[in-house]
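What follows is a set of notes on a single structure, which appears directly below.
The values are calculated or read from the model by the stated rules, or taken from the named source; none is laboratory data. Just so it is clear, the model here is predicted, and its values are computed rather than measured. Because the Cβ atoms are built from the backbone with ideal geometry, glycine has one as well, and the counts that use them run over all protein chains shown. All accessible areas refer to the heavy atoms of the entire protein, side chains included, with ligands and DNA or RNA removed. Shrake-Rupley method; radii C 1.70, N 1.55, O 1.52, S 1.80 Å.
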Amino acid sequence: MQEKTKKPALRFKGFDEDWEQCKLGEIILLNGRIGFRGYTEKDIISKEEGGILAFSPTNIVDNKLTMNCKNTYITRFKYDESPEIKIHNGDILFVKTGSTLGKSALVTGLFEDATLNPQVVVMRTNKTDATFLAVLLLTDNVMAQVNSAKIGGAVPTLTETNIKDFDIIVPKMDSEKAQIGLYFSNLDNLITLHQRKYTKLVNIKKSMLEKMFPKNGEDVPEIRFAGFTDPWEQRKLGNIGQTYTGLSGKTKEDFGHGDASFITYMNVFSNPVANPNMIEPIEIDQKQNEVKVGDVFFTTSSETPEEVGMTSVLLKKYGKTYLNSFCFGFRPTEKFDNYFLAYMLRSHSVREKITLLAQGISRYNISKNKVMEITISVPTPEEQKCVGEYFRLLDTLITLHQRKLEKLQHIKKACLEKMFV
């Protein structure tokens, strides 16, 4: 191995010694026998029937051991009950075979009966801080060796010898290892906290999109703001606005340059309210339909019927702007609260109706004429404003936690680069 610098770019105060180079096999005990071998469908039984939990690569998500997946339980006769190779706190599960080769997770919860499938091995150390080792396995240095040492094509694999032969550089002092491990442990806890908040808000939004708009066949929502009791009015889309087409007659040479812009397909697909920055340049063309603030965009095709006809409302634009050719525009002829319109069209009841219009086999399409026949539920302008503002604030909170999460993940990535050699 080429000689490397022996000091990280960033380290805790009080540590200035060079780190030392060694092989991964010098600081771990690696046991590939802990898992069962060659199980078949008949070996899989339920937990209630006495099955043993078998951890697989799907149990390792974002370098954490998770039970939020379809867990496999196998018959006991496939389980090696030797006490020295049972899973313990402080063990590290490491994927040695398959598409997620090199994924790892520190075991921080006791599992009275648990084993591994053949794709996973367990690392155990009594020579270094386990939390530090778990972080070390995430570094570019180790992952580069995972990729260079793997054998096989469609199903890449690492041998026990490969893994033990990884070159690593570690602090000489156990106290420095412990501080690094604790730092990343605290950082991971913050990431988990914001991930949970983000996920909770996303689930709240999903629930409210179902409960704050009337179900199909009903004229009042399950949940609404105090003071509103009137039934919602049923309106056909085609009676409250007009459609127009997106870009037409263009070739690939027409895109990527020019003084105009167009709203992309992914902008419409991803955002209830169009992102004014998710645009791409194109030449000014007076023959094209120019979008206006307050317009609604519909995607016309997708790979699944559940994702066809996604909508986005335009609240801001810069200069001459058109719509991509895989969407059509809808311009209301009546006054609506734009935020209400944005979220109402993504509500559970409206999405149900649009999904039923999807036609196709390998790719699904909708007809804008059929979409215009859809009936929507509309409350008073005052209630529209309350509902629209609620979802606007909810999306603002979701975006806030998403940005915090992304920032913390960026910090972790940067620290993995600078706090290790």
Can Asp295 be described as open to solvent by less than 60 Å² (accessible area, probe 1.4 Å), in contact with a strand residue (DSSP E or B) (Cβ under 6 Å, 6 or more places away or on another chain) and charged (D, E, K, R)?
yes
In the stretch 342-363, which residue that is closer than 20 Å to Thr264 by Cα and modelled with pLDDT of 95 or more is nearest to the chain's Cα centre (by Cα)?
Arg346
Within the stretch 382-409, can you find the residues that are open to solvent by 70 Å² or more (accessible area, probe 1.4 Å), in contact (Cβ under 8 Å) with a residue 12 or more places away in the chain and either touching a Cys at 6+ places or on another chain (Cβ under 8 Å) or of a type in the set (D, E, K, R) (or both)?
Glu382, Lys385, Glu389, Arg392, Lys404
Those residues of the stretch 135-146 which are farther than 17 Å from Lys164 by Cβ and of a type in the set (A, V, I, L, M), in sequence order
Val135, Leu138
Looking at the stretch 348-389, which of its residues are among the small types (Gly, Ala, Ser) and part of a helix (DSSP H, G or I)?
Ser349, Gly388
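Is there a residue in the stretch 368-381 that is hydroxyl-bearing (Ser, Thr, Tyr), farther than 23 Å from Ala226 by Cα and without any contact (Cβ under 8 Å) to a residue 60 or more places away in the chain? Don't jump to the end; show me each part of the working.
Applying the first criterion (hydroxyl-bearing (Ser, Thr, Tyr)) to the stretch 368-381 yields 375, 377, 380.
From what's left, farther than 23 Å from Ala226 by Cα: 375.
Then drop every residue that is not without any contact (Cβ under 8 Å) to a residue 60 or more places away in the chain, which leaves none.
Taking every residue of the stretch 368-381 in turn, none turns out to be hydroxyl-bearing (Ser, Thr, Tyr), farther than 23 Å from Ala226 by Cα and without any contact (Cβ under 8 Å) to a residue 60 or more places away in the chain.
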Looking at Val268, Val291, which is the one that is modelled with pLDDT of 95 or more, assigned to a helix (DSSP H, G or I) and not polar (S, T, N, Q)?
Val268
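Got a number for residues in the stretch 302-324 being of a type in the set (Gly, Ala, Ser), open to solvent by 30 Å² or more (accessible area, probe 1.4 Å) and modelled with pLDDT of 95 or more? It would help to see each step written out before you state the result.
Filtering the stretch 302-324 down to residues of a type in the set (Gly, Ala, Ser) leaves 302, 309, 312, 319.
Of the ones still in play, those that are also open to solvent by 30 Å² or more (accessible area, probe 1.4 Å) are 319.
Checking which are modelled with pLDDT of 95 or more leaves us with none.
Number of matching residues: 0.
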Being buried (at least 16 other Cβ atoms within 10 Å of the Cβ) and more than 22 Å from Met212 (Cα to Cα): is that true of Leu357 here?
yes
Residues satisfying the stated conditions in the stretch 62-95, i.e. modelled with pLDDT of 75 or more and in contact with a Lys or Arg (Cβ under 9 Å, 6 or more places away or on another chain)
Asn63, His88, Gly90, Asp91, Ile92, Leu93, Phe94, Val95
Which pairs turn up if I take residues in the stretch 220-244 that are on the phi < 0 side of the Ramachandran plot and look for partners that are open to solvent by less than 80 Å² (accessible area, probe 1.4 Å) and acidic (Asp, Glu) with beta carbon separation below 6 Å, at least 6 apart in sequence or on another chain?
Phe228/Glu383; Pro231/Asp219; Trp232/Asp219; Ile240/Glu334
Looking at Val142, Val95, Val122, can you tell me which residue is in contact with a Pro (Cβ under 7 Å, 6 or more places away or on another chain), open to solvent by less than 10 Å² (accessible area, probe 1.4 Å) and among the hydrophobic types (A, V, I, L, M, F, W, C)?
Val95
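Working only within the stretch 245-263, note down all residues that are open to solvent by 20 Å² or more (accessible area, probe 1.4 Å) and either closer than 13 Å to Asn324 by Cβ or part of a helix (DSSP H, G or I) (or both).
Thr245, Ser248, Lys250, Lys252, Glu253, Asp254, Phe255
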Within the stretch 16-56, restricting to residues that are at pLDDT below 90 and of a type in the set (Phe, Trp, Tyr), the one that is surrounded by the most Cβ atoms within 10 Å (Cβ to Cβ) is Phe55
Go through (1) buried (at least 17 other Cβ atoms within 10 Å of the Cβ); (2) out of contact with any Pro (no Cβ under 6 Å at 6 or more places or on another chain); (3) not polar (S, T, N, Q) one by one and return the number of the condition Phe225 breaks.
(1)
Whether any residue in the stretch 148-156 is in a strand (DSSP E or B), under 23 Å from Thr58 (Cα atoms) and open to solvent by less than 10 Å² (accessible area, probe 1.4 Å) is what I want to check.
no
Go through (1) part of a helix (DSSP H, G or I); (2) surrounded by 14 or more Cβ atoms within 10 Å (Cβ to Cβ); (3) touching a residue at least 24 places away in the same chain (Cβ under 8 Å) and name the single condition Ile169 misses.
(1)
I'd like the full set of residues that are among the hydroxyl-bearing types (Ser, Thr, Tyr) and touching a residue at least 12 places away in the same chain (Cβ under 8 Å), limited to the stretch 193-218.
Tyr198
